[in-house]
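Nothing in this text is a laboratory measurement; each read-out follows from the coordinates by a stated rule. In this text the structure is predicted, and so the values were computed from the model without any measurement. Cβ sites come from the backbone with ideal geometry, for glycine too, and all protein chains shown count toward neighbours.
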Amino acid sequence: MGHFDEAGLLFVDGRDDDMIVSGGENVYPIEVENLLLDHEDVSDAAVVGVPDKDFGQRLRAFVVITGNVDAESLKAYVKANLARHKVPREVIFLDELPRNATTGKVLKRKLAEYDEE
């Protein structure tokens, strides 16, 4: 997925297969990730789709924070800037996101399988 700007330059926005369907709405987790990364108290973020018995899938956000912010504040921040169906149901705080040792890419599959227990 991508878009062209006014000068004709191509920008890659994400992958089509990263899209989830939540309650009949198409949601691209990268859009929520980018917004969370713009928050002054968030240093790293990843958003994944996880199974949901009522909506098919739902968003779960994983964040690394540098300031004093809680899950409800981050959800309110997303809700104020994006459509309601793009607000993560869960916000999980981690010390760091799991990354591939070679490329540094976030291991989203590992996050999707994350168990808080």
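Kindly rank 87-98, 104-115 from highest to lowest mean number of other beta carbons found within 10 Å of each residue.
87-98, 104-115
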Take the alpha carbon gyration tensor of region 21-108, find the square roots of its eigenvalues, order them as a ≥ b ≥ c, and report rounded if a/c is under 1.5; if not, report prolate when a/b exceeds b/c, else oblate.
oblate
Amide H within-cut-off set for SER43, under 5 Å, with H built and near neighbours excluded:
VAL64, ILE65, THR66
How many nm separate the modelled label positions at LEU37 and PHE55, each set 7 Å beyond the Cα in the direction of the Cβ?
2.3 nm
Around LEU107, which amide H atoms from residues at least 5 apart in sequence, or from another chain, sit under 5 Å from its own amide H, with H modelled in the peptide plane?
ARG99, ASN100
Using R₀ = 30 Å, calculate the FRET efficiency as 1/(1 + (r/R₀)^6) where r is the Cβ-Cβ separation of ALA83 and LYS110; round to 0.05.
0.60
The residues HIS3, HIS85, sorted from fewest to most surrounding Cβ atoms within 10 Å, come out as HIS3, HIS85
Work out, step by step, the length gained on full extension between PHE93 and GLU6: first 0.36 nm times the residue separation, then minus their alpha carbon distance; give nm to one decimal.
27.5 nm
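GLY67: net charge of surrounding residues, Cβ under 12 Å, Lys/Arg +1, Asp/Glu -1, itself excluded?
It works out to a net charge of -3.
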